[in-house]
Amino acid sequence: MDEKREQMDWVAAVEVAGEKPPEVPPHGPVVWARENLFSSVGSGILTAAGLLVALVFFKAMLGYIFGADRKWDAVATNLRLYFTQAYPDDQYVRVWVAVGIALALTGLSAAIWRASGRVNGYKLGGWSFGVAGGLLTMLVLSPFSWGARLIYLILALVFVGTGQYLRMSHPKIEVPALSVVVGVLAVLVGSLWVVPYGRHTFVNGEVQPPRPGTVAMTTKLPWTVMLLVMVVAYFVGKAVRDKVSPGLSKGLLVAGWMLLVPFDYFVILRDPALDYGQVFRVDVPIFLFFAVVGSALLWWLSDPERGEIGRVVAGLMVIGAGVFWLAAAFGLSVRQIIRIDLLLLSVVAVAAPTFTGEKAVRRRFILGWLILLALVNYMAMMVNTDSTVEVPGSFPLGGFSLTLLVATSVLLMSFPIGLILALGRTSKMPIFRLLSTTYIEVIRGVPLITILIFFKIILNLFLPDGMSLGNEMSAILGYALFSAAYLAENVRGGLQSIRKGQYEAANALGMSTAQTTSFIVLPQALRAVVPPLVGGVIATFKETSLLFIIGLFDFLRIGYVVVGGQTAFVGSQRENLLFVAFIYWIITFSISRSSVQLEKKLGLGER
Amino acid sequence: MTGLEARADMIVCEGVKKWFGDFQALRGIDMTVEEREVVVVLGPSGSGKSTLIRCINRLEVHQEGRIIVDGVELTNDLRNIEKIRSEVGMVFQQFNLFPHLTIMDNITLAPIWVRKKPREEAETLAMELLDRVGIPEQADKYPGQLSGGQQQRVAIARALAMEPRVMLFDEPTSALDPEMIKEVLDVMKELAQTGMTMIVVTHEMGFAREVADRIIFMESGEIVEEGTPEHFFTNPTEDRTKLFLSQIL
């Protein structure tokens, strides 16, 4: 301790000695330009050449996008088709509820994880200059009318003024980054109410000539509500975050995010027609049986005194559940949910010895089982109930919503499969290693499109009688199995970066292999591979457009085939594709930005 | 430290042999460590000191001979290994703290999940141990934010949190800057005074002389000489020991 105090005295002494204020190094835009753009003759030439190329490129690009002969009406009129295809009007509120749940989770998460990034006035001013620069570039390079140019000029001057004001008068003030984001969103949503974007509609399939004025109420009202939902959720989260344990609230939110996609799709968007007689006659009794018998069994298994016999019982149950599944192939017909519940119970039973301990620990373990069982049974019931959404095709979603559904489901499914494959491939047990390696190498050797076609044509032949997966579901399954192989290789890279000492330290503390893997190895391995994992997420999202080829109505097909085929908008194919590309870019760019934030945040615990 | 009362044997090695491929690292080690005894293992690098103590908690597997820890023989039975590991604490040269967990979580993880202690109890114990190694204020930091000496003291606290019967130290000060060695050795001295059974592999002759009850000198995978520090440093009998001491002192 004394050493430390001495050290601090020494630092203080140095600070007192340095009475002369430090000199400011040369700075300013001219210095910056000289050092970075024109540091030598060669770099000056390269700068000028690069600038010229950029000018020519943007002039061509902007000239094209804002050219007088562009027909953006095709996009503006078909926005709903682009995003949800033919989702019926009278059930459309379900789409907004689905989006609203996601935004509410976003708001809550921002509060619970204390998104506390702050931006100072100097930086804000810089951003303001950036926006002004963009506007001025647009104004100079685009083929605008003089009236439009004037509006752009005024806007640019406002941004220059704001930037200058912030930099000169308030360079040190700090505002939460969140409020900047919400502010920008509020301006965008607010503009729906005041800016005359024009109204583009169909009536009975006939395109109406665009009317002046602001957008329709069915657009601006939901978006306003969505923004409010997000903000309110944030403040709710802020109010409760100090009253609940952070572990619990974060756990609940993570669970919420994982359940979001299946819940939004199966429960909200499909609008399942529940038969309550059937529910109370069959589903509830099955659930209650497994709840009571399963809890009793797990209570018995998690007793610290149980010892070896517990593992034997759990092992026998796994084998039993497996045989029960196989028996289905030989004609033993039993409700699918009973098989699922039995398998679930046996897997949880295997984990039981890990959760032995005090009565309170065991009670939490049983509670976890009941929640898991309830969720699985509820979702299985919803999945097995028919949809009431009537659309031309067999699938309620299409366009961007289908793309999003496929991408998120694929990611959700491929993550656990990929983890297991990666652990299998690095396992000490030869049989697991062989199986995982074979799977990964086989899948990686086959093109994605082949797998998609294969699953579309062949999968249903392998399924038991009376069970069939739609094209969409088999595509999701095939794509998930494909991307799991790539994900496994990324995770394996992370696993290999863990030093031997970490395993040794965990072993020396008496931790079991399962404990070492889940508390020590995986958390570090996943952190190490965040950049390639995000790369994988982006690739997965973009490559959903291959669904086009197997005939699904994904975002690209809606743009290229459906909107492109409308007789009212002949010749607007390029606009359609530009719009599709732009939306893809917005999503992938945001993923990539948030991954940078994530890396920064995780970096703290690393050092 | 040499009490006259009979003490139980804590660790017994009988004819322990270990090969890495064709290279024989241990050539038949016979050694007994009694309860509350502090044994320092010396020897040139590559002499098998680290391998020996790593065999005692089965981080390395010996091929021949017997190792008995607290009456339980080390075999391939997983139950035995995990039981012994949770009773034998180990401190490594490279600390091997878990970089993604706070100091508090580093210390409480194993007591909670291996010893099945309630969290509150584990955290109270962790704070007591951090107090004992002199860094209670660092509990919420991450290992990367601590100096090497502080990290090694956390590693000692982490091992002690399992309430082990034996502590193994594998060159605990070799990776430290000189000014941090003393703070770690002080903690180890204090631990020895409380009666912990310890086996220490080290190059710190001062520590060996002051704290050890017995010194074992190893070379080429064999025990060459063993005895009290006084005997070892002032009156060694073997030529190889004399040569080693003349190179070091």
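Read-outs: derived from the displayed coordinates by stated rules, not from any lab. These figures come from a predicted structure and were not determined experimentally. FYI the Cβ positions are ideal-geometry reconstructions off the backbone, even for glycines, and counts take in every protein chain you see.
Spelling out what I want: for every residue of the range A:385-400, take phi, set θ = phi - 60°, compute 6.51 cos²θ - 1.76 cosθ + 1.60 (Karplus), and round to whole Hz; glycine and proline get x.
So the J values, rounded to whole Hz, are 8, 6, 6, 9, 7, 9, 10, x, x, 9, 10, x, 10, x, x, 4.
Distance in nm between label sites at residue A:225 and residue A:496, each 7 Å beyond Cα in the beta-carbon direction?
Using points 7 Å along Cα→Cβ, the separation is 5.2 nm.
Over the whole of B:92-100, what's the average partner chain Cβ count within 10 Å per residue? Rounded to a whole number, please.
Mean partner shielding for this stretch: 6.
Tell me which residues come under 5 Å, amide H to amide H, from residue B:60 once H is placed; ignore anything under 5 positions away on its chain.
B:55
Counting only DSSP beta bridges with both residues in chain A, tell me the antiparallel percent, nearest 5.
Once the DSSP bridges in chain A are tallied, antiparallel ones form about 90 percent.
Which of the residue pairs A:456/A:542; A:238/A:601; A:243/B:116; A:600/B:117; B:49/B:189 have a Cα-Cα distance greater than 25 Å in the structure shown?
Pairs exceeding the cut-off: A:243/B:116; A:600/B:117.
Per 0.36 nm of contour for each residue apart, how much would the distance between residue A:433 and residue A:384 grow if the chain were fully extended, relative to their Cα-Cα spacing?
Length difference between fully extended and current span is 14.0 nm.
Calculate, for residue A:326 and residue A:60, the FRET efficiency according to 1/(1 + (r/R0)^6) with r their C-beta to C-beta distance and R0 51 Å; round to the nearest 0.05.
0.20
Output ³J(HN,Hα) for the range A:113-130: one whole-Hz value per residue in order, computed from phi by the Karplus curve 6.51 cos²θ - 1.76 cosθ + 1.60 with θ = phi - 60°, and x for Gly and Pro.
With coefficients 6.51, -1.76 and 1.60, one gets 7, 6, 4, 10, x, 10, 10, 8, x, 4, 5, 4, x, x, 4, 4, 4, x Hz.
What are the principal axis extents of the Cα atoms in the protein assembly as shown, in Å, biggest first?
The principal-axis extents, from largest down, are 107, 88, 52 Å.
Once amide H atoms are placed 1.01 Å from N in the peptide plane, what residues at a sequence separation of 5 or more from residue B:19, or on another chain, have their amide H within under 5 Å of its amide H?
Amide H neighbours of residue B:19: B:25, B:63.
Show me A:433-445, A:571-583 ranked by packing, highest mean number of other Cβ atoms within 10 Å first.
A:571-583, A:433-445
Please arrange A:389, B:187, A:31, B:88 by how many other C-beta atoms lie within 10 Å of their C-beta, fewest to most.
Neighbour counts put them in this order, fewest first: A:31, A:389, B:187, B:88.
Looking at the range A:202-270, which trypsin sites (Lys or Arg not before Pro) are DSSP coil and have at most 12 other C-beta atoms within 10 Å of their C-beta?
For trypsin sites (Lys or Arg not before Pro) across the range A:202-270 that sit outside H, G, I, E and B with at most 12 neighbouring Cβ atoms in 10 Å, the list reads A:243.
For chain A, what does the relative contact order come out to in percent, with C-alpha contacts under 8 Å and a separation of six or more?
15
Kindly work out what percent of the DSSP beta bridges joining two residues of chain B are antiparallel, to the nearest 5.
Close to 55 percent.
Exposure proxy check: A:512, A:169 ranked by fewest other beta carbons within 10 Å?
Ordered from fewest to most neighbouring Cβ atoms within 10 Å, A:512, A:169 come out as A:169, A:512.
What FRET efficiency comes out for residue A:449 versus residue A:585 if R0 is 25 angstrom and r is the Cβ-Cβ distance? Round to the nearest 0.05.
Here the calculated transfer efficiency is 0.65.
Run the helix sum for the protein assembly as shown: -39,500 (n - 2.57) per DSSP H stretch of 4+ residues, divided by residue count, reported at 222 nm to the nearest 500 deg cm²/dmol.
For the protein assembly as shown, the value works out to -19500 deg cm²/dmol.
I need the calculated FRET efficiency for the pair residue A:211 and residue A:513, taking r as the beta carbon distance and R₀ as 51 Å, to the nearest 0.05.
Calculated transfer efficiency: 0.15.
Please report how far the C-alpha centroid of the range A:547-607 lies from that of the range A:382-400, rounded to the nearest whole angstrom.
The two parts, judged by their Cα centres, are 23 Å apart.
Which order results if A:170, B:62 are arranged by neighbouring Cβ count within 10 Å, fewest first?
With the fewest neighbours first, A:170, B:62 line up as A:170, B:62.
Using Cα centres only, tell me the gap between the range B:100-128 and the range A:213-251 in whole Å.
The range B:100-128 and the range A:213-251 have Cα centres separated by 37 Å.
Mind listing the phi-derived Karplus ³J(HN,Hα) values for the range A:566-583, rounded to whole Hz, using 6.51, -1.76 and 1.60 with θ = phi - 60°, and x for any glycine or proline?
Coupling constants for the range A:566-583: 5, 5, 5, 10, 4, x, 10, 4, 5, 4, 4, 5, 4, 5, 4, 4, 4, 5 Hz.
Testing the spin-label approximation: label points 7 Å from Cα along Cα→Cβ at residue A:593 and residue A:201. State their distance in nm.
Reported label-point gap for residue A:593 and residue A:201 is 3.3 nm.
Name the residues whose placed amide hydrogens come within less than 5 Å of the amide hydrogen of residue B:41, ignoring near sequence neighbours (fewer than 5 apart) on the same chain.
Result for residue B:41 returns B:200, B:201, B:202, B:216.
Consider a paramagnetic label point 7 Å from the Cα of residue B:189 along Cα→Cβ; state which residues of the range B:123-161 have an amide N under 18 Å from it.
Residues B:132-135, B:149-150, B:153 fall inside that zone.
Using alpha carbon centroids, what distance separates the range A:164-211 and the range A:426-502, in Å?
One Cα centre to the other: 43 Å.
Starting from the 7 Å offset along Cα-to-Cβ, what nm value, one decimal, do you get for the label separation of residue A:51 and residue A:461?
Each label point lies 7 Å from its Cα, and together they span 6.5 nm.
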